[in-house]
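Okay, handing you the structure first.
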Amino acid sequence: MRLDRFLSHSTGLPRSRAKAAIISRRVRIDGEVVRDPAATVAPSQIIQLDDEQLAWPRPYYVMLNKPTGVVCSTADPVNTPINHLIREPWADELHAAGRLDADSTGLVLLTSDGAWSHRITSPRHHCDKSYVVTVEDTLDPALVQQFANGIVLNDEPTPTLPAQLEILGSHEARVILREGRYHQVRRMFAACGNHVVTWQRERIGPLSLDATLEPGDWRELTTEEVEALRNA
């Protein structure tokens, strides 16, 4: 983590005042004065402000119900970055553990713990994800077997991993994936001649979207939820 970010999160100082403190020779790393706000610091180091040792910021784990028009990135010239919905000083340290595009909605997990998010998103671990979609044309029951067999997407040589399709209505279905290719749900239906109208993620691994969260709302995960996903 950058030193100025660490100092801001550890003390509650605004970033500008944290930088000023560093430049003013008030900060030491392992006993040595450091004047570069962009210096990188690690949890193994002893960091002091005015001779007082500072605690390393705890990791954050957040569940958010993403609305449309919000992107799972920290900067975007058109849409709202997802961590702007979290009005906390530590929000700029968060990244999405599995993205949704701007038009999609539902469960997004955000964290400052890179190893935890890698565990969720790594293709090696096959952490399954569940989506509810509505489509433009009537759903053909034959799609259930097509999804189970895997579907060859446009411009990709290998088929998708077997996916579970549950038809909920004439134009609504639940899709459970074990991988996360770019716009995969939309592209799977497109390859079968249908068009996805809406797309909501309802579950990642063992964790379902909290029904009490309105679009744009968020909450921190419990310790039990964090560990359940770590071990999924």
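Given the residues LEU207, LEU213, which is the only one that is under 19 Å from HIS118 (Cα atoms) and modelled with pLDDT of 95 or more?
Details: LEU213 fails: under 19 Å from HIS118 (Cα atoms).
The conditions single out LEU207.
Mind checking which residues of segment 138-164 are touching a strand residue (DSSP E or B) at 6+ places or on another chain (Cβ under 9 Å) and closer than 14 Å to ARG187 by Cα?
LEU143, GLN146, PHE147, THR160, LEU161, ALA163
Something else now. Within segment 221-232, how many residues turn out to be surrounded by fewer than 14 Cβ atoms within 10 Å (Cβ to Cβ) and not in a loop (DSSP other than H, G, I, E, B)? Working first, answer last.
Taking segment 221-232 and keeping what is surrounded by fewer than 14 Cβ atoms within 10 Å (Cβ to Cβ), we get 222-224, 227, 231.
Then keep just the ones that are not in a loop (DSSP other than H, G, I, E, B); that gives 223-224, 227.
Number satisfying all stated conditions: 3.
Further, regarding this structure: Considering only residues of segment 52-74 that are within 10 Å of the chain's Cα centre (by Cα) and crowded, with 21+ Cβ neighbours inside 10 Å, which is modelled with the lowest pLDDT? Break it down into steps so the answer makes sense when it comes.
Going residue by residue through segment 52-74, those that are within 10 Å of the chain's Cα centre (by Cα) are 61-64, 72-73.
Okay, now just the ones that are also crowded, with 21+ Cβ neighbours inside 10 Å, so 61-64, 72.
Details: TYR61: 97, VAL62: 97, MET63: 98, LEU64: 98, CYS72: 90.
Ranking the qualifying residues of segment 52-74, first place goes to CYS72.
Out of the residues in segment 18-51 meeting the condition of being farther than 25 Å from HIS95 by Cβ and of a type in the set (Lys, Arg), tell me which one is surrounded by the most Cβ atoms within 10 Å (Cβ to Cβ).
Result: ARG28.
Taking segment 127-154 only, how many residues are surrounded by 13 or more Cβ atoms within 10 Å (Cβ to Cβ) and in contact (Cβ under 8 Å) with a residue 60 or more places away in the chain?
9
Let me ask something else about it. Tell me, please, whether a residue that is touching a strand residue (DSSP E or B) at 6+ places or on another chain (Cβ under 7 Å), surrounded by fewer than 20 Cβ atoms within 10 Å (Cβ to Cβ), under 20 Å from HIS183 (Cβ atoms) and among the aliphatic types (A, V, I, L, M) can be found in segment 75-97.
Checking segment 75-97: not a single residue is touching a strand residue (DSSP E or B) at 6+ places or on another chain (Cβ under 7 Å), surrounded by fewer than 20 Cβ atoms within 10 Å (Cβ to Cβ), under 20 Å from HIS183 (Cβ atoms) and among the aliphatic types (A, V, I, L, M).
Can you name the condition, by its number, that ARG124 falls short on among (1) in the same structural domain as HIS195 (by TED's automatic domain parsing); (2) free of Cβ contacts under 8 Å to residues at least 24 places away in the same chain; (3) out of contact with any Leu (no Cβ under 6 Å at 6 or more places or on another chain)?
(1)
Can you tell me how many residues in segment 187-196 are closer than 15 Å to GLN146 by Cα, buried (at least 19 other Cβ atoms within 10 Å of the Cβ) and not aromatic (Phe, Trp, Tyr)? Working first, answer last.
Looking only at segment 187-196, we keep the residues that are closer than 15 Å to GLN146 by Cα, and these are 187-194.
Right, trim to buried (at least 19 other Cβ atoms within 10 Å of the Cβ) and you get 188-189, 194.
Still in the running and not aromatic (Phe, Trp, Tyr): 188, 194.
Residues flagged as closer than 15 Å to GLN146 by Cα, buried (at least 19 other Cβ atoms within 10 Å of the Cβ) and not aromatic (Phe, Trp, Tyr) within segment 187-196 amount to 2.
The values are calculated or read from the model by the stated rules, or taken from the named source; none is laboratory data. Computed from a predicted model, the values in this text were never measured in an experiment. So basically every Cβ, Gly included, is an ideal-geometry build from the backbone, and we count neighbours across all protein chains shown.
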